[in-house]
Amino acid sequence: MEERTEEGKYSNLILSLKVFFSNRTAVAGMVIFLAYVVDALIMQFDPRLLGVTNPNQFTYNFVNPVPQPPSSQYPLGTTYPGINLLQAILEAIRVDLGYSMLIVVGGAVIGAVVGILAAYVGGYLDELLMRFTDIFFSVPYLVLAIAVGFALGRSFTSMVIALIIVWWPIYARYTRSLTLSIKESVFVEAAKAAGASMVRIMFKHILPNTLPPVVVQISLDLGSVVGVFATLAFIGFIPNANTPELGYLASLGLNYVQSAPWTVIFPGLAITLFALSVNLMGDGLRDVIDPRRRS
Amino acid sequence: MERVKERAKVLEIKDLRVSFHTRRGVFKALRGVDLELYKGEVLGLAGESGSGKSTLGLAIMGLLPRNARVESGEVLLDGSKDVLKMLRDYGSRDVKFDPRKNEKLIKRLNKELREVRGRALAMVFQEPLTSLNPVLQVGYQIAEAVYYHDPMRLVRRAISRNRCTQADLRDLMTTLKTKGEEALIEEVEKRNLRGLEEQILSIWRRQDIHEAKKEKLILSLDKHKLDSKDRLGISIYLRGLQRVPVLGRLAKDALIKEGYRLAVEILTYLGIPHPEKVVRMYPHELSGGMRQRVVIGIAIVNNPEIVIMDEPTSALDVTIQAQILELVSSLKASSNRSFIFISHDLSVLAEVSDRIAIMYAGKIAEVGPVKVIFEEPQHPYTKMLMDAIPTMDKTELKAIPGSVPDMRSPPKGCSFSNRCPFVMPKCKEMEPPMVEVSEGHKVACFLVGERK
Amino acid sequence: MIGAFNLKKYFPVRGGVVGTQYLKAVDNVTLTVRRGEVVGVVGESGSGKSTLGRMLIRLLEPTGGEILFDAPEEEMVKYREALESGDKESAEMISRKYSLLRKKGSELRKLRTRMSMVFQDPYSSLDPRFRILDVIMEPMISTGYLRGEEARKKALDLLEEVGLPRAFGNRYPHELSGGQRQRVAIARALSTDPELVILDEPTSALDVSVQAQILNLLKEFRRRKNITMVLITHNIAVVSYMADRVAVMYSGRLMEIGDKDDVLTRPKHPYTMALISSVPRPRPGEARKRIVLKGDPPNLLSPPRGCVFHPRCPMAFHECGWTAEEVAEDINYLVQGKYYNVFGDNVKVIPLQDKVKVEGANPESIKKVLEVERENIRSLTAVKEVTEDSLLIIHAFQEPKLYKESERRSVSCLLYR
């Protein structure tokens, strides 16, 4: 009977790591992702490490506002008005990453609660909640976000709220489908037989079992949210023109795009690279939680 | 059974060692298996989960997964054909095992074995739903099995039926009635109508209809002529144009259509009511027992010498299991086929087997004629297993303490030593050899060696 | 201890053209379990045995019928009599007092400490994200039976009682083998010291050697704690080893119930006979008559008329529920096959309402065939008479009830009316 006993939770973790690390693109994605995170953390806690004095503002240089091509002094060149692009991107990542996290996690929490409730309670509540999410689905997200943004006034808070409103239905649907299958599992039945209340079953049994796939979904979504967030900033939803943000940064060089394409390319690349890295990492994580791919 | 040794060996397994390379480690699934299968017998292969019994079945078929390394050993078909040679040549080499390389070899092996499977070997799996394709009709799947292994058989059937005349059929009928089946086959050869005999005999051998009806059915075989499209298809096939895109489609359609007729014959033979309707059904429309019959039909349609059945009744209810067991017995009686019947249920094996091999931790613990194994088991594991099976007349069950060893690091010496009540110091040191205690009865245990 | 009366469970199945149909998973099952006894419920897949078990513990709400819990035996008998005599008032009185189905909320939660269930598959019945200790503690905490440190201590003791080391409490289910998990599931089921445990196929997912360990463990608990058990399984040998009484189910109905030794050694219902004779035995070469049933269990959406078992029954007779279609099919089969020489090509068999028309055949030869084949093809017994114009009249049928065959045994078969 002592078989498998030496294999602990520990070894399961090791197995998960093995699965993840055997996927080279996922590891590459993770490395890039971590670089972004580290940059954001440095900007938050000790920006001087990267030579930035105030990460809350772009440093303008009105003496020489015209964009300069990349040089040894400005590795990625400058953008209007005389902003050092490399430094600006490093500053902006913190804002984009922070707000995107807030949006995705907020959306996931709301969506998970709605999804689990709908699936577990079922019946009319399910019908009601799902039709409600359908409404959100049927409106193009950008339009919806702009509408909410206008209604709430242009601020970072209203943008975050707008995007959470756009994003939660995805998670509601996803957790609902996960819950529908978990709900039928024998351990839920066993919990019912043990006298567990509905709330207990939903939050102690179902929620923890939906978490791993939802976390993977979050990591996959992070990339698109950064894109959408930057897009909104790019088209002018930025309340304080001086806040470092990638979309806004890209929009600054818009008038010079033909003579100085780097002003748009580099901020865009920062966004794209981030989206790519979280997607690669998410794929790797998906393999980890999928027992079929473990052999 | 009594004189096992005189029978021809159809399959011989020598010192087969297979391991699975996984992320959790290297599992030694088979650790030196020696076994033979004789013509016309049912060999029962018993063991608990993890004993390696299913792996053995897959290894014989050459159906191993990519991470299976054949470290040594041979699987000899008809005493000569070494099935696993290619994999063993790679697996026995002292290099780091690469599943991708192994996979390539397995693919090559599969191509090579395609012809062997079907003709010599066939397999029936536990869950009929997974071995049937859900989107294809049952008849199509049987037809396809023939199409891939022996398309000429379908061609012969179609052509001979198309060519035969009412006079031919009348003559053949007379031959069959007066001189018997052998003479019929000769007569068919003489008239150059090969392919017709199996169609006649499949009707003739039916038990459920009156002779007059059989005669009528046989005499009306010539009514089922080919239409022009099928004739075209078959002539395309005969000209070797079946790989040409559009023409190939025509050829395959024609042969598959013939295969449906064959499928009806097979299903009739397996005792399925309304076979003409069943061939047009999809697997999900059939009950579990019917599905398993269809799978058996696919396995035997090419008349293989050896049929390996891996837990064919474990997913079925007892009353349906009884039907399938009866079918297996009648299949054995009506042909000279050999069966390997893999099951965890010793009682089931007692019902169908001539000989039984008990597997434990990747090795054969004991093998012998069924009566001997059940009445005078010698290996402690076999004995304890017998005491642990609940039966209707037992008032006490003796559980085997402990559980099977971790196959990544099987214990030194006898793998049962950690659960064996008679364990001796040397059991932990050396692996006990197979000792023949009586004719055909072999045991791998030091206790037996001692007594001798 | 617990009694189910005329219990029914119909599952609605929404169909396209035919509208909503009902799948009668359990139909009119009456079963009482006395304190301290082990009742085995045997049946094949689709017999409704698991559905019955889930209703007994109120995981599924019955469509109809009543379940009395913890009622004294006299009351159970009284209730049954009241039902049979149509005395609604006294039935209502008893059911108000003991009905399990009327319990709600905290009352039901309290009752849940007194009964529990062990499920078939130990791989899916334990939440993969719960530690073993939490798994075992769940019933105690959910029902408020014990809390905190007390519950923890009890769970650790239980681990030891089911033969696992205490250290396993901190493990996760996936770290355990199948047998070990089933031990945990048993510990969970026993954590609130229940009087009644429903065991749904507790060993069918396990290997033989482990199965014996688990069965012996259950037997041991039963002896020590005098637990009442309902053992649901398809394995008759397991029932034979564990149970005091046996109930046999087929297609949602109870076929036979009685003391284990009676039912298993002297089965009365033809289905039980066939079932028992189908069980493979580890006695090679033993000569015995095996009854191999034809066909498959029926589709529960449209179960056969009369007795559900009659189409497969080797002993069925004229009143068992034969329909014109069933008779026509068998006659057609004979006429086209075995008796082709007599009837030739021009016979047509047409099922009508309770009659079968055989066109183009001589009534005398039909009678002769019926005479000969009646023994083998049971549907032919249903032919009451053959008229001059070859019209076959079918007998009226009767629905079987549970008949008392002897003091302690009931059989649902017209043979024991």
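The table below gives the values:
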item: Filter result for C:Ala287 (of a type in the set (A, V, I, L, M), touching a helix residue (DSSP H, G or I) at 6+ places or on another chain (Cβ under 8 Å) and in the same structural domain as C:Val33 (by TED's automatic domain parsing)); result: no
item: Restricting segment B:56-90 to residues that are hydroxyl-bearing (Ser, Thr, Tyr) and either within 14 Å of B:Arg17 (Cα to Cα) or within 14 Å of chain A (Cβ to nearest Cβ) (or both), the residue that is surrounded by the most Cβ atoms within 10 Å (Cβ to Cβ); result: B:Tyr90
item: Test: residue in segment C:207-230 that is in a strand (DSSP E or B), more than 24 Å from C:Asp121 (Cβ to Cβ) and within 14 Å of the chain's Cα centre (by Cα); result: no
item: Check on C:Ser365, in contact with a strand residue (DSSP E or B) (Cβ under 6 Å, 6 or more places away or on another chain) and among the hydroxyl-bearing types (Ser, Thr, Tyr); result: no
item: Residue under evaluation B:Ile373, criteria (1) crowded, with 22+ Cβ neighbours inside 10 Å; (2) at pLDDT below 90, criterion not met; result: (2)
item: In segment B:392-425, the residues that are buried (at least 19 other Cβ atoms within 10 Å of the Cβ), at the interface with chain C (Cβ under 8 Å from one of its Cβ atoms) and among the hydroxyl-bearing types (Ser, Thr, Tyr); result: B:Ser403
item: Residues satisfying the stated conditions in segment A:149-188, i.e. β-branched (Val, Ile, Thr) and within 28 Å of A:Val121 (Cβ to Cβ); result: A:Ile161, A:Ile164, A:Ile165, A:Val166, A:Ile170, A:Thr175, A:Thr179, A:Ile182, A:Val186, A:Val188
item: Segment C:306-341: number of residues that are under 24 Å from C:Asn28 (Cα atoms), part of a helix (DSSP H, G or I) and in contact with a helix residue (DSSP H, G or I) (Cβ under 7 Å, 6 or more places away or on another chain); result: 1
item: Which numbered condition B:Ile373 misses (of (1) farther than 27 Å from B:Glu71 by Cα; (2) hydrophobic (A, V, I, L, M, F, W, C); (3) more than 9 Å from every other protein chain (Cβ to nearest Cβ); (4) in contact with a His (Cβ under 9 Å, 6 or more places away or on another chain)); result: (3)
item: Of the criteria (1) in contact with a strand residue (DSSP E or B) (Cβ under 6 Å, 6 or more places away or on another chain); (2) within 8 Å of another protein chain (Cβ to nearest Cβ), which one C:Phe309 fails; result: (2)
item: Tally, over segment C:393-407, of residues that are in contact (Cβ under 8 Å) with a residue 24 or more places away in the chain and in contact with a helix residue (DSSP H, G or I) (Cβ under 7 Å, 6 or more places away or on another chain); result: 5
item: Matching residues, segment C:286-342, being over 20 Å from C:Lys384 (Cα atoms) and basic (Lys, Arg); result: C:Arg288, C:Lys289, C:Arg290, C:Lys294, C:Arg312, C:Lys338
item: Residue match in segment C:343-365 (condition: within 14 Å of another protein chain (Cβ to nearest Cβ) and touching a Phe, Trp or Tyr at 6+ places or on another chain (Cβ under 8 Å)); result: yes
item: Candidates C:Arg129, C:Arg188, C:Arg147 - the one that is modelled with pLDDT of 95 or more, under 27 Å from C:Leu108 (Cβ atoms) and within 14 Å of chain A (Cβ to nearest Cβ); result: C:Arg188
item: Pair list, Cβ < 6 Å and 6+ apart or interchain, from segment B:210-222 residues that are more than 10 Å from chain C (Cβ to nearest Cβ) to residues that are surrounded by fewer than 16 Cβ atoms within 10 Å (Cβ to Cβ); result: B:Asp222/B:Gln166
item: Test: residue in segment C:108-115 that is touching a strand residue (DSSP E or B) at 6+ places or on another chain (Cβ under 6 Å), more than 8 Å from chain A (Cβ to nearest Cβ) and in contact (Cβ under 8 Å) with a residue 60 or more places away in the chain; result: yes
item: Filtered residue count, segment C:258-275, keeping only those that are closer than 26 Å to C:Leu301 by Cβ and either of a type in the set (Val, Ile, Thr) or not in a helix (DSSP H, G or I) (or both); result: 2
item: Extreme residue, nearest to the chain's Cα centre (by Cα), among residues of segment B:262-277 that are among the aliphatic types (A, V, I, L, M) and farther than 25 Å from B:Ile159 by Cα; result: B:Leu270
item: Residue check, B:Ser338 within 24 Å of C:Ser277 (Cβ to Cβ), more than 14 Å from every other protein chain (Cβ to nearest Cβ) and of a type in the set (Gly, Ala, Ser); result: no
item: Looking only at segment B:186-244, and only at residues there that are within 29 Å of B:Tyr148 (Cβ to Cβ), outside any helix (DSSP H, G or I) and polar (S, T, N, Q), the one that is modelled with the lowest pLDDT; result: B:Gln242
item: Selection count, segment A:90-147, where residues are within 26 Å of A:Pro47 (Cα to Cα) and outside any helix (DSSP H, G or I); result: 0
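The values are calculated or read from the model by the stated rules, or taken from the named source; none is laboratory data. Quick caveat: nothing in here was measured; it's all calculated off a predicted structure. Note that we place each Cβ from the backbone using ideal geometry, even for glycine, and neighbour counts take in every protein chain shown.
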